[in-house]
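*Asks:* Mind having a look at this structure? Questions to follow.
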Amino acid sequence: MTGVPTRTLLLWCPDWPVLAAEIVDGVPAIGAVAVLHANRVVACSERARAEGVRRGLRKREAQGRCPQLTVVDHDPGRDARAFEPVVAAVEEVAAGVEVVRPGACALAARGPSRYLGGEEPAAERIVEHVAQTCAVESQVGIADGVFAAGLAARVGQVVPVGGTPGFLAGLPVEALGRPALADLLRRLGIRTLGGFAALPAGDVLARFGFDGALAHRLAAGRDHRPLAVRQPPADLAVTADHDEPIDRVDAAAFAARALAERLHDRLAAHGLACTRLGIEAVTAHGQELHRVWRHDGLLTAAAIADRVRWQLDGWLSGSTGRPGARPARPTAGIIRLRLVPDGVLAQAGLQPGLWGEVGEERERAHRALSRVQGILGPDAVVTAVLGGGRSPADQVRLVPWGEERLPARQGEPTWPGREALPAPVEPTGSGDAVGPDGAVGSDAVGSGGAVVGSGRAVGSGRAVGSGGAVGSGVPPWPGRLPPPSPAVVLPAPLAATVYDAVGEPVGVSARLQVSAAPARLVVGTARPVDIVGWAGPWPVDERWWVPAEARRRARFQVCLADGAALLLAVEAGQWLVEAIYD
């Protein structure tokens with residue numbers, strides 16, 4: 001572990017995700033803007049804060065406090081791309097800039113303070129240069145260590161040498177950025193970083209584990225990175241030369257992903273992991289570009305590829321920040337790309353087993369799939385990502401192999417004040433099973449007796465299934481089918497017809513009344529099959545506030561005489577086969 005923390009200068013741009021949305025997407029940051037991730041606010045503008053919007057609020061609560069709120073989805077790539085001109089402006093004043101995260105960058109304070117006449121003049125010079133070059137407001141903090149410098153930047157303070165422990169002592173424990181730990185410390189009566197730092201280090205490690213011990217070091221004003229980072233040997237860097245200059249972001253990102261895999265494999269062969277990544281590029285006109293990314297943890301192959309992709313996007317997209325900033329786009333395409341692990345550490349977990357069996361099968365599969373992508377293109381190999389949705393087809397998103405596995409639709413928050421309905425019971429043929437939790441209709445009463453209000457909200461009445469059990473669990477999506485999920489989800493639903501016992505087509509009214517008990521099913525031109533059990537209908541009324549996208553349907557589960565179990569839906573009078581159960 002490091003002894004004396006490095007004197008660090010950190011530049012911080014307040015509300016950077018909001019500013020990035022303005023720079024890239026043109027969303028006015030002077031208005032009420034909130035950036036959401038997983039349906040919660042991660043950043044908001046000053047005007048939104050004045051209306052009561054805070055980080056951590058759910059989307060509906062934030063919109064309730066500020067009805068005119070503009071909601072923007074969180075995009076780390078956009079944040080990094082927009083931050084590149086700011087980092088370039090800082091590097092014009094001081095060398096050795098490291099990107100902590102989009103919106104914050106750090107460098108050793110000793111160099112600029114010596115040739116700019118002191119730490120405060122250096123901070124003022126950097127802030128002024130960023131404002132003139134990129135038209136971005138920023139604040140600078142100087143302290144011993146990156147963690148303390150980041151907190152000092154939020155108040156624009158230069159902490160005297162040796163005064164970092166005293167500066168941190170009066171701050172609340174929430175400044176550690178660990179909500180669970182901060183909540184536990186407050187319940188134990190520890191409310192400040194000074195009180196936490198006063199605890200014996202051994203007791204903290206025994207009670208709170210390694211992460212708590214690391215937080216204890218931060219609270220005591222010691223270096224934020226207690227790991228001994230050493231300079232790697234020169235042969236760990238990887239380089240790729242391209243005969244044809246690369247001037248498109250997608251082509252550069254595809255090439256960078258393979259280079260990131262090479263770097264990760266080379267580090268793993270030496271039992272090392274990267275904590276600080278240098279990205280270098282040379283254009284066809286000889287222009288050299290260089291940037292350093294730091295990471296408080298171990299950079300995996302996917303994390304390396306993400307940072308290279310973000311950096312190349314920032315270089316090649318011609319992002320210039322606000323109007324009046326100097327262009328940052330290179331004068332020609334990139335012909336050489338080089339990744340340099342500026343900071344590495346020993347990681348025994350990356351060592352293969354004695355016979356190479358640990359992780360070998362996974363790596364072999366990954367190399368094979370990457371080779372297929374190299375031959376047929378990135379979209380030739382896709383993997384499924386589960387997400388939110390009410391229908392099985394809505395809950396799966398296919399993404400190219402190696403890309404970020406992010407769901408297209410996050411889970412929605414539960415509705416306050418409502419109670420869950422029971423999961424569907426086994427089909428009995430009587431149609432009296434209660435549907436999925438929160439299934440909504442239009443002024444309809446479901447077959448299990450659950451009263452549903454006008455497709456907007458579920459009433460507070462308790463719904464009891466056919467066995468008399470009252471539901472208790474609340475799934476993340478109202479109206480979502482409970483497990484088990486269907487074994488096969490058809491890419492395109494099959495048209496079908498359902499007949500009653502006398503051969504008449506079965507219909508469902510607007511009030512969810514089934515005209516007759518389903519008796520036979522005909523799928524397309526196939527022969528009719530008897531229905532031996534069924535449950536439903538369960539209504540779903542989606543996006544009723546957008547007429548062009550509104551969709552209203554009722555779902556059934558049926559068991560057939562041949563042993564098959566199907567998920568049916570009736571929409572606009574047409575029966576459809578959506579999925580097949582195993």
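Residue-by-condition table, conditions (1) within 16 Å of residue 569 (Cα to Cα); (2) touching a strand residue (DSSP E or B) at 6+ places or on another chain (Cβ under 6 Å):
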site: 494; (1), (2): yes, yes
site: 515; (1), (2): yes, no
site: 523; (1), (2): yes, yes
site: 537; (1), (2): yes, yes
site: 544; (1), (2): no, no
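*Asks:* What number of residues within segment 1-31 satisfy the criterion of being under 27 Å from residue 159 (Cα atoms) and surrounded by fewer than 18 Cβ atoms within 10 Å (Cβ to Cβ)?
*Replies:* Residues meeting the conditions: 6.
*Asks:* In the set 109, 89, 122, which member is touching a strand residue (DSSP E or B) at 6+ places or on another chain (Cβ under 6 Å) and open to solvent by less than 20 Å² (accessible area, probe 1.4 Å)?
*Replies:* Testing whether each residue is touching a strand residue (DSSP E or B) at 6+ places or on another chain (Cβ under 6 Å) and open to solvent by less than 20 Å² (accessible area, probe 1.4 Å) leaves just 109.
*Asks:* Looking at (1) within 31 Å of the chain's Cα centre (by Cα); (2) more than 22 Å from residue 56 (Cα to Cα); (3) assigned to a helix (DSSP H, G or I), find the lone condition where residue 185 falls short.
*Replies:* Against the list (1) within 31 Å of the chain's Cα centre (by Cα); (2) more than 22 Å from residue 56 (Cα to Cα); (3) assigned to a helix (DSSP H, G or I), residue 185 comes up short only on (2).
*Asks:* Just one of (1) in contact with a Cys (Cβ under 8 Å, 6 or more places away or on another chain); (2) within 18 Å of residue 25 (Cα to Cα) trips up residue 55, so point out which.
*Replies:* Unmet condition: (2).
*Asks:* Here is a follow-up. Mind telling me which of the residues 478, 484, 493, 537 ends up being within 21 Å of residue 388 (Cβ to Cβ), out of contact with any Pro (no Cβ under 7 Å at 6 or more places or on another chain) and assigned to a strand (DSSP E or B)?
*Replies:* Answer to the check: 493.
*Asks:* A follow-up question, please. When segment 252-267 is examined, which residues are found to be among the small types (Gly, Ala, Ser) and in contact with a Gly (Cβ under 9 Å, 6 or more places away or on another chain)?
*Replies:* Once the filter is applied, which keeps residues that are among the small types (Gly, Ala, Ser) and in contact with a Gly (Cβ under 9 Å, 6 or more places away or on another chain), segment 252-267 yields 252, 258.
*Asks:* Same structure again: Determine whether residue 50 is surrounded by 21 or more Cβ atoms within 10 Å (Cβ to Cβ) and either among the aliphatic types (A, V, I, L, M) or out of contact with any Lys or Arg (no Cβ under 8 Å at 6 or more places or on another chain) (or both).
*Replies:* So residue 50 fails the test.
*Asks:* Check residue 521 against each of (1) buried (at least 21 other Cβ atoms within 10 Å of the Cβ); (2) out of contact with any Pro (no Cβ under 9 Å at 6 or more places or on another chain); (3) more than 17 Å from residue 389 (Cβ to Cβ) and name the one condition it does not meet.
*Replies:* Only one criterion is unmet by residue 521, namely (2).
*Asks:* Search segment 258-274 for residues that are on the phi > 0 side of the Ramachandran plot and pair each with any residue that is of a type in the set (S, T, N, Q) and modelled with pLDDT under 80 when their beta-carbon atoms are under 8 Å apart and the residues are at least 6 apart or on different chains.
*Replies:* If the second residue must be of a type in the set (S, T, N, Q) and modelled with pLDDT under 80, the pairs left are 271/347; 271/351.
*Asks:* I'd like the residue in segment 273-286 that is out of contact with any Ser or Thr (no Cβ under 6 Å at 6 or more places or on another chain) and open to solvent by 30 Å² or more (accessible area, probe 1.4 Å) and, out of all such residues, is nearest to residue 404 (Cα to Cα).
*Replies:* 276
*Asks:* Also: Suppose we filter 150, 145 for residues that are under 14 Å from residue 10 (Cα atoms), buried (at least 17 other Cβ atoms within 10 Å of the Cβ) and modelled with pLDDT under 90; which single one remains?
*Replies:* None of the other options fit; the residue is 145.
*Asks:* Please find, among 173, 238, 158, the residue that is without any contact (Cβ under 8 Å) to a residue 60 or more places away in the chain and open to solvent by less than 30 Å² (accessible area, probe 1.4 Å).
*Replies:* Among 173, 238, 158, only 173 is without any contact (Cβ under 8 Å) to a residue 60 or more places away in the chain and open to solvent by less than 30 Å² (accessible area, probe 1.4 Å).
*Asks:* Let me ask something else about it. Test residue 270 against the criterion of being out of contact with any Pro (no Cβ under 7 Å at 6 or more places or on another chain), open to solvent by 20 Å² or more (accessible area, probe 1.4 Å) and modelled with pLDDT of 85 or more, and give yes or no.
*Replies:* Spelling it out, it is not the case that residue 270 is out of contact with any Pro (no Cβ under 7 Å at 6 or more places or on another chain), open to solvent by 20 Å² or more (accessible area, probe 1.4 Å) and modelled with pLDDT of 85 or more.
*Asks:* Going by the structure shown, is residue 206 assigned to a helix (DSSP H, G or I) and loosely packed, with under 15 Cβ neighbours inside 10 Å?
*Replies:* Against the criterion (assigned to a helix (DSSP H, G or I) and loosely packed, with under 15 Cβ neighbours inside 10 Å), residue 206 qualifies.
*Asks:* Additional query: Taking segment 540-582 as the region of interest, how many residues are under 21 Å from residue 500 (Cβ atoms), assigned to a strand (DSSP E or B) and open to solvent by 20 Å² or more (accessible area, probe 1.4 Å)?
*Replies:* Qualifying residue count, segment 540-582: 6.
The values are calculated or read from the model by the stated rules, or taken from the named source; none is laboratory data. In this text, all values refer to a predicted model and were calculated from it rather than measured experimentally. Glycine also receives a Cβ, built like all others from the backbone with ideal geometry; neighbour counts cover every protein chain displayed. Accessible surface areas use protein heavy atoms only, side chains included; no ligands, DNA or RNA. Shrake-Rupley method; radii C 1.70, N 1.55, O 1.52, S 1.80 Å.
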